[in-house]
Amino acid sequence: MGADELHAALVELAALHADRPALAARTARTVGKGVQFARGAEAGDPEALLDVVARLAGTGDLTEGLFAAELTVACGRRTEWTGPWRTQLRMLRRHPCGDVRDVAYAQFTAAE
């Protein structure tokens with residue numbers, strides 16, 4: 001699935017969660033875990049996923065932002081927090097929705 005198709009599918013899924021923030025958070029975690037533990041072709045292209053995440057985060061929508069945050073955490077872990085994923089995490093820490101910021105702030109990119 002290409003970036004445009006994945007983005008469209010996630011936007012459609014997000015719309016089903018309107019006014020259901022708890023369900024949106026659970027679904028976002030499930031989507032993120034699916035990506036984090038995927039292997040081979042099912043793991044998806046990191047560049048395409050980065051594009052999708054940036055588009056989801058850019059709307060300012062709670063559910064799309066939660067999807068972006070959980071996907072960022074999943075891909076960041078999978079890529080050992082390469083530069084683009086750290087940058088995306090920092091951007092999500094400034095998201096207009098507090099729940100999205102919480103997901104982003106809860107993630108550490110390096111052990112101290």
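If you go through segment 69-100, how many residues are assigned to a helix (DSSP H, G or I) and without any contact (Cβ under 8 Å) to a residue 24 or more places away in the chain?
6
What tally of residues in segment 26-41 results from selecting those that are modelled with pLDDT under 90, touching a helix residue (DSSP H, G or I) at 6+ places or on another chain (Cβ under 9 Å), of a type outside the set (A, V, I, L, M) and part of a helix (DSSP H, G or I)?
2
Evaluate the following for residue 56: is it assigned to a helix (DSSP H, G or I) and touching an Asp or Glu at 6+ places or on another chain (Cβ under 7 Å)?
In short, yes.
Against the definition (touching a Pro at 6+ places or on another chain (Cβ under 6 Å), of a type in the set (A, V, I, L, M, F, W, C) and either over 16 Å from residue 104 (Cα atoms) or in a helix (DSSP H, G or I) (or both)), how does residue 66 come out, yes or no?
no
The values are calculated or read from the model by the stated rules, or taken from the named source; none is laboratory data. Keep in mind that this is a model prediction, so the values were computed, not measured. Using ideal geometry, Cβ is built from the backbone for each residue, glycine included, and neighbour counts are taken over all protein chains shown.
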